[in-house]
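Have a look at the structure below, then the notes.
No lab work stands behind these numbers, since they all come straight from the coordinates. A quick note: this is a predicted structure, and the numbers were derived from the prediction, not measured. Glycine gets a Cβ as well: all are built from the backbone with ideal geometry, and neighbour counts include every protein chain shown.
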Amino acid sequence: PISDYKLNYALMNNCGEYIADHCEMEQGEGEVMKCLIDLELEQEFNIDCHQQVLSYKYFMSRSIKLDKPLLNACREDAQKLCMTEFEEEQKSEHKPHGAVISCLYHHIFSDSN
């Protein structure tokens with residue numbers, strides 16, 4: 001994930017007050033988004049922050065099988081970095097769960113890869 005969520009302008013502009021009040025201690029954008037998703041279950045967000053969280057949840061729920069260009073471009077990395085998720089998603093015919101996309105997203109800025 002992006003190492004400093006404060007560099008994500010849309011996130012900070014739309015959800016900054018919620019982050020400051022409830023998620024300031026989290027590290028990285030992924031952890032902040034998880035905090036916001038959990039927080040949204042407890043309280044109502046303004047429409048812009050709600051839209052930001054909704055977009056993130058949509059992105060993370062997509063199946064790589066539904067995006068052939070992405071699958072073709074990332075197949076090698078998905079098999080190498082996200083082997084378990086990739087194999088499970090390739091077997092699943094009925095419920096795209098987004099585990100491969102989520103896994104790849106979390107490896108984008110990883111120092112070890």
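Observations on the structure shown:
- Compared with the alpha-carbon gap, the fully stretched path from LYS91 to LEU66 is longer by 7.7 nm at 0.36 nm per residue.
- Projected label distance in nm at LEU41 and SER55, using a 7 Å step from Cα toward the beta-carbon: 2.4 nm
- Label point distance in nm, ASP77-ILE108, each placed 7 Å from Cα along Cα→Cβ: 0.9 nm
- Considering only LEU36, TYR9, ALA20, the residue lying farthest towards the positive end of the dipole of the range 5-45 is TYR9, judged by Cα position with unit charges set on Cβ.
- Other residues with beta-carbon under 13 Å from the beta-carbon of ASP38 carry, at +1 per Lys or Arg and -1 per Asp or Glu, a net charge of -2.
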